[in-house]
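J.: Below are the structure tokens for one structure; questions will follow.
The values are calculated or read from the model by the stated rules, or taken from the named source; none is laboratory data. Values in this document were obtained by computation on a predicted structure and should not be read as measured data. Positions of Cβ are backbone-derived with ideal geometry, glycine not excepted, and every protein chain shown enters the neighbour counts. Keep in mind that these areas ignore ligands, DNA and RNA; they rest on the heavy atoms of the full protein, side chains included. Shrake-Rupley method; radii C 1.70, N 1.55, O 1.52, S 1.80 Å.
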Amino acid sequence: MTPLNDQPHEIAQSAIGAIILSGGKSSRMGSEKGLVEFNGKPMIQWAIECIRPLTDEILIVANDAAYGQFGYPLQEDEAKGDGPLSGLVSGIRHAKTDLNFLLPCDMPLMDNRLLQWMLETYDEEAAAVCTFEDHLQPLVGIYHRKCLPTLERLLARNQLKMRIALEELQAAVLDPQRSLAGFDPEWMRNFNSKAEINLYLQGK
């Protein structure tokens with residue numbers, strides 16, 4: 001993977017879309033994860049509101065028709081059960097834009113300042129993903145359509161680990177903790193169960 005690029009690179013907002021992944025099994029959540037309420041709104045609604053100032057081209061990848069209530073195109077995960085790699089492939093195949101943010105539905109604390117910084121930092125790589133506390137965050141990234149053949153090849157070979165995909169793509173690694181002024185680690189927090197949500201909200 002390529003080193004962090006800290007130099008701003010201007011991209012027209014009309015040239016980028018967003019793919020929100022909501023097709024997971026949600027086994028620990030006990031119900032459809034993105035539809036679970038967090039502080040008064042479904043978790044996916046927080047993701048939508050975070051990305052909307054940067055693009056109106058939002059595609060939700062999910063297998064539950066209930067996500068249609070949010071008013072954005074809904075794309076079924078074409079390879080159910082194959083994890084986020086298959087969701088990303090389905091999203092890129094059907095996205096209207098060549099360049100897309102990728103976000104999960106379970107990070108309701110995500111802040112638009114992080115996405116804006118990612119957009120300014122991205123420099124025409126096939127993919128650029130965030131890292132946080134030395135862990136790659138492949139579902140918080142920017143992916144170009146040119147990465148699709150590589151992702152499809154890995155999917156066909158049942159090589160489903162996102163880390164392998166990022167290595168194949170020579171993805172850029174963006175470190176907001178080091179390079180983004182005002183970064184809050186809470187922005188990268190995901191929630192996998194209703195108990196986690198309740199504990200967090202009770203502590204606020």
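J.: Determine which member of the set Arg189, Arg178 is within 14 Å of the chain's Cα centre (by Cα) and either modelled with pLDDT under 95 or within 30 Å of Asn39 (Cβ to Cβ) (or both). Give the derivation first.
T.: Values: Arg178 fails: within 14 Å of the chain's Cα centre (by Cα).
Answer to the selection: Arg189.
J.: Residues that are in contact with a Phe, Trp or Tyr (Cβ under 8 Å, 6 or more places away or on another chain), open to solvent by 30 Å² or more (accessible area, probe 1.4 Å) and more than 11 Å from Ile19 (Cβ to Cβ): does region 83-104 have at least one?
T.: No, because not a single residue in region 83-104 is in contact with a Phe, Trp or Tyr (Cβ under 8 Å, 6 or more places away or on another chain), open to solvent by 30 Å² or more (accessible area, probe 1.4 Å) and more than 11 Å from Ile19 (Cβ to Cβ).
J.: Exactly one condition in (1) outside any helix (DSSP H, G or I); (2) within 16 Å of Trp187 (Cβ to Cβ); (3) open to solvent by 30 Å² or more (accessible area, probe 1.4 Å) is not met by Arg113; state its number.
T.: Condition (1) is where Arg113 drops out.
J.: Here is a follow-up. Considering region 29-74 alone, what residues qualify as being of a type in the set (Asp, Glu), open to solvent by less than 60 Å² (accessible area, probe 1.4 Å) and farther than 25 Å from Leu199 by Cβ?
T.: Across region 29-74, the qualifying residue is only Asp64.
J.: Do any helices (runs of 4 or more DSSP H) lying entirely in region 122-204 carry at least 3 residues that are open to solvent by 30 Å² or more (accessible area, probe 1.4 Å) and hydrophobic (A, V, I, L, M, F, W, C), and which ones are they?
T.: Output list reads 194-202.
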